[in-house]
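Undergrad: Let me give you the structure first, and then I'll get to my questions.
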Amino acid sequence: AAMVQKYQSPVRVYKHPFELIMAAYERRFPTCPLIPMFVASDTVSEYKSEDEAIHVIERRCKLDIDAPRLLKKIAGVDYVYFVQKNSLNRRERTLHIEAYNETFSNRVIINEHCSYTVHPDNEDWTCFEQSASLDIKSFFGFESTVEKIAMKQYTSNIKKGKEIIEYYLKQLEEEGITFVPRWTPPVACKSESSTCHPRRPVSPAINIPESATKEGLSSKEILNTSSSPSEPTAGTPDDKLDADYIKRYLGDLTPMQESCLIRLRQWLQETHKGKIPKDEHILRFLRARDFNIDKAREILCQSLTWRKQHQVDYILDTWNPPQVLQDYYAGGWHHHDKDGRPLYVLRLGQMDTKGLVRALGEEALLRYVLSINEEGLRRCEENTKVFGRPISSWTCLVDLEGLNMRHLWRPGVKALLRIIEVVEANYPETLGRLLILRAPRVFPVLWTLVCVPFIDDNTRKKFLIYAGNDYQGPGGLLDYIDKEIIPDFLGGECMCEVPEGGLVPKSLYRTAEELENEDIKLWTETIYQSASVFKGAPHEVLIQIVDASSVITWDFDVCKGDIVFNIFHSKRAPQPPKKDSLGAHSITSPGGNNVQLIDKVWQLGRDYSMVESPLICKEGESVQGSHVTRWPGFYILQWKFHNMPACATTNLPRVDDVLASLQVSSHKCKVMYYTEVIGSEDFRGSMTSLESSHSGFSQLSAATTSSSQSHSSSMISR
């Protein structure tokens with residue numbers, strides 16, 4: 001099977017003008033002592049425009065790849081040849097480099113693109129970016145070896161790229177060259193001077209695009225900054241990541257790890273318009289899957305849908321833990337450990353888990369644990385700023401003093417395991433270290449039997465267990481936590497604010513029924529509504545528009561099944577749905593509403609019209625979009641069951657179609673939706689600017705361009 005490897009670099013910013021960087025770059029040719037494998041290069045073709053603004057040069061480069069002798073023998077080559085085409089535009093101040101392999105081009109396809117451009121915020125700085133792809137079709141059975149060699153050589157060269165430019169900049173400086181003038185258009189000369197050949201007159205209009213693009217950039221930058229003032233982007237163009245920012249806020253990543261982060265982030269920007277997790281959080285999901293981009297993407301998407309369904313983004317601002325928790329949950333944040341990680345202290349032995357589950361139910365307990373994790377993420381960010389280095393996880397200190405049989409109460413253990421599962425799935429790589437103190441002597445044995453089989457090696461290394469008072473000895477707590485902040489209940493001198501715990505009074509216990517109802521209430525007390533969609537029974541929502549230029553926005557998740565989403569306009573009001581029209585469906589779907597508004601006798605095109613083309617949405621997708629209304633009247637949003645079309649080419653159903661239709665055997669889909677109408681004046685920018693640029697308003701964070709016929713855009717995130 002052919003394997004395609006892709007690479008995308010962060011933006012590297014050189015704080016030097018473009019012309020000086022070009023002077024340094026040119027010195028790499030024909031050979032460069034800093035790249036020993038770069039043996040020679042010959043110019044194949046060259047083109048210069050008359051005004052010297054454009055210079056295109058194609059070179060054939062000879063590389064001595066560091067590969068095993070045997071492999072070179074089998075392949076029958078000593079050197080590998082690449083073709084590199086450099087297009088320099090001095091007027092625009094850009095250099096584009098395209099390279100591909102000539103040797104083995106029928107077996108291996110390597111493409112690379114690099115660019116040097118002017119920094120959008122500072123015209124005396126230069127940005128560098130590179131991307132590449134490697135596709136190995138076949139290589140005498142050595143495909144994986146070749147892939148490893150290629151990747152190793154490539155990543156080591158990426159690291160060198162910066163050193164090389166800096167080496168030649170220094171060389172230029174030693175020779176006294178610190179400034180290279182910019183290109184200027186040649187001036188048409190006076191006709192009386194006979195020595196000068198009359199050139200085509202150059203109209204001064206050449207200067208216009210430059211200033212225009214500058215203006216364009218600055219307004220774009222304004223848009224960028226106004227949308228998220230809180231995020232420090234370290235001056236990166238177009239919301240790309242730059243290398244210095246990665247080092248400061250995210251840590252030392254290998255080139256391939258940087259590439260995975262950038263590609264996953266780019267994919268999120270294209271598909272999940274609106275809320276994109278912070279870079280350090282995306283990175284946690286990549287780490288949790290060893291930087292396998294597809295696996296990481298899968299767990300991250302599941303987590304994003306989960307966050308939306310449970311309104312986790314708002315938990316810290318809107319949810320107040322019940323008093324029982326504040327009194328009896330013996331855990332809390334307590335300063336930080338020696339590595340600067342936030343420290344969470346949990347006096348599990350003092351905590352009445354059974355009482356808490358009986359008084360609160362699992363759901364409220366889970367909410368509380370989630371709010372602790374959200375607070376942890378916030379503290380990591382805070383500490384990253386304070387300590388000047390990336391901190392992406394926290395340390396948890398669990399004190400087991402007082403542990404007894406009550407803690408082994410089965411429903412409590414089950415609740416705990418479920419909570420751990422939810423946390424593992426949605427906050428991967430956040431536990432930096434787990435210190436378990438004052439464990440009963442039998443605990444390590446139990447621990448080895450019960451937990452160790454389920455915990456991966458990576459996580460297990462982070463666990464330290466101390467029985468009795470061992471934590472006070474060498475290799476104990478002092479290795480991880482400063483003496484000044486060791487809590488008083490562990491013999492330290494620091495007052496620890498964590499509640500003492502204790503037994504929850506039975507008078508606070510609730511009946512199973514009460515807890516049942518509570519769980520359902522928590523699920524529905526979100527801004528989202530849920531609806532069921534059946535074959536032959538779509539769900540429809542009516543929106544009445546008075547002011548012709550309003551914007552209808554929507555945001556929905558397809559929880560189950562595939563659906564088609566439509567938006568219609570009608571001048572006349574649909575009849576309110578009769579209760580009995582729901583028929584049997586209302587019985588089958590408690591909590592999921594299902595309403596039809598479009599009368600069976602209405603005809604499309606006569607009584608109502610379609611104002612957007614239908615959008616097919618697959619199970620698990622999040623869709624956000626909007627429609628700029630042109631007329632007042634009644635708009636109907638419709639979610640309709642999507643029938644599987646038979647395969648177009650053969651008419652025979654494909655295996656996956658059959659499987660898919662079996663999965664949707666109930667012919668019922670579920671959607672969670674939210675809609676809102678916004679007056680056009682509340683948008684950023686006036687309607688006219690939106691219409692003139694044909695960019696449909698996508699949602700409050702960004703205007704995305706869409707096709708010129710439609711004033712809407714809908715994004716899907718897979």
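The values are calculated or read from the model by the stated rules, or taken from the named source; none is laboratory data. Everything numeric in this text was worked out from a predicted model, so none of it was measured. Glycine gets a Cβ as well: all are built from the backbone with ideal geometry, and neighbour counts include every protein chain shown. Ligands, DNA and RNA are stripped out before the accessible areas are found, and what is left, the full protein with its side chains, is counted by its heavy atoms. Shrake-Rupley method; radii C 1.70, N 1.55, O 1.52, S 1.80 Å.
Undergrad: Sort R606, R389, R27 by heavy-atom solvent-accessible area, probe 1.4 angstrom, most to least.
TA: Numbers: R606 150, R389 100, R27 70 Å².
If we order R606, R389, R27 from most to least accessible, we get R606, R389, R27.
Undergrad: Now, a different point. Summing +1 for each Lys or Arg and -1 for each Asp or Glu, what net charge is found among the other residues whose Cβ lies under 9 Å from the Cβ of L377? Mind showing how you got there, number by number?
TA: Numbers: positive: K278, R378, R379; negative: E280, E374, E375, E381.
Computed value for this residue: -1.
Undergrad: Please list 628-634, 50-56 highest first by mean number of surrounding beta-carbon atoms within 10 Å per residue. Before the final figure, lay out the partial values.
TA: Values: 628-634: 17.0, 50-56: 14.6.
Going from most to least packed, we get 628-634, 50-56.
Undergrad: Next up: Quick one: which residues, 5+ away or cross-chain, put their amide H under 5 Å from the amide H of L397? H built at 1.01 Å from N.
TA: Y344, V345, L346, L435
Undergrad: Calculate the dipole size of the stretch 247-377 relative to its Cα centre from +1 charges on Lys and Arg beta carbons and -1 charges on Asp and Glu beta carbons; express the result in debye to the nearest 20.
TA: About 280 debye.
Undergrad: Another one. Can you pull the percent of the stretch 5-175's accessible area that's carbon plus sulfur, 1.4 Å probe, other chains left in place? Mind dumping the intermediate values first?
TA: Values: 4470 of 8690 Å².
So the carbon and sulfur contribution to the accessible surface is 51 percent.
Undergrad: Something else about it: For every other residue with a beta carbon closer than 13 angstrom to the beta carbon of F634, add +1 if it is Lys or Arg and -1 if Asp or Glu, then tell me the sum.
TA: Working: positive: K571, R572; negative: E540, D599, D607.
Summing Lys and Arg as +1 and Asp and Glu as -1 gives -1.
Undergrad: In terms of solvent-accessible area of protein heavy atoms at a 1.4 angstrom probe, what is the ranking of E163, E540, highest value first? Before the final figure, lay out the partial values.
TA: Details: E163 110, E540 10 Å².
Result of the area sort, largest leading: E163, E540.
Undergrad: Using only protein heavy atoms and a 1.4 Å probe, report how much of M495 is accessible, in Å² to the nearest 10.
TA: The value for M495 is about 130 Å².
Undergrad: What order do you get for 108-121, 554-567, 169-182 when each peptide is scored by the mean count of other beta carbon atoms within 10 Å, highest first?
TA: Final packing ranking: 554-567, 108-121, 169-182.
Undergrad: Also: Using the Cα centre as the reference, give the magnitude of the dipole from point charges on the C-beta atoms of the stretch 243-310 (Lys, Arg: +1; Asp, Glu: -1; all else neutral), rounded to the nearest 20 debye. Each step should come with its number before you reach the end.
TA: Details: 14 positive and 9 negative charges, 65 e Å.
Charge dipole of the stretch 243-310: 320 debye, to the nearest 20.
Undergrad: Oh, and also: F387: accessible area at probe 1.4 Å, nearest 10 Å²?
TA: That residue has around 70 Å² of solvent-accessible surface.
Undergrad: Now a separate question. Roughly speaking, to the nearest percent, how much of the stretch 243-310's 1.4 Å accessible area is carbon and sulfur? Intermediate values should be presented prior to the final figure.
TA: Working: 1360 of 2970 Å².
On the stretch 243-310, the fraction of accessible area on carbon and sulfur atoms equals 46 percent.
Undergrad: Using amide H atoms built 1.01 Å from N in the peptide plane, name the residues 5+ places from K137, or on other chains, whose amide H lies under 5 Å from its own.
TA: V108, I109
Undergrad: Sticking with this one: Going by average Cβ density within 10 Å per residue, which order do the peptides 615-625, 38-48, 391-401 take, highest to lowest? Before the final figure, lay out each step's value.
TA: Details: 615-625: 18.9, 38-48: 13.2, 391-401: 22.0.
For the peptides 615-625, 38-48, 391-401, the packing ranking is 391-401, 615-625, 38-48.
Undergrad: Can you check what the net charge comes to around F387, using other residues whose Cβ is under 13 Å from the Cβ of F387 (Lys, Arg +1; Asp, Glu -1)? The partial results should precede the final answer.
TA: Values: positive: R248, K338, R341, R379, K385, R389; negative: D337, D339, E381, E382.
That sum, taken over residues with Cβ under 13 Å, equals +2.
Undergrad: Please calculate how many Å² of accessible area the stretch 5-175 carries per residue, with a 1.4 Å probe and no DNA, RNA or ligand atoms counted.
TA: Values: 8690 Å² over 171 residues.
With the other protein chains kept in place, the stretch 5-175 gives 51 Å² per residue.
Undergrad: For D294, what accessible area in Å² do you get when you roll a 1.4 Å probe over the heavy atoms of the protein chains, rounding to the nearest 10?
TA: Estimated to the nearest 10 Å², D294 gives 90 Å².
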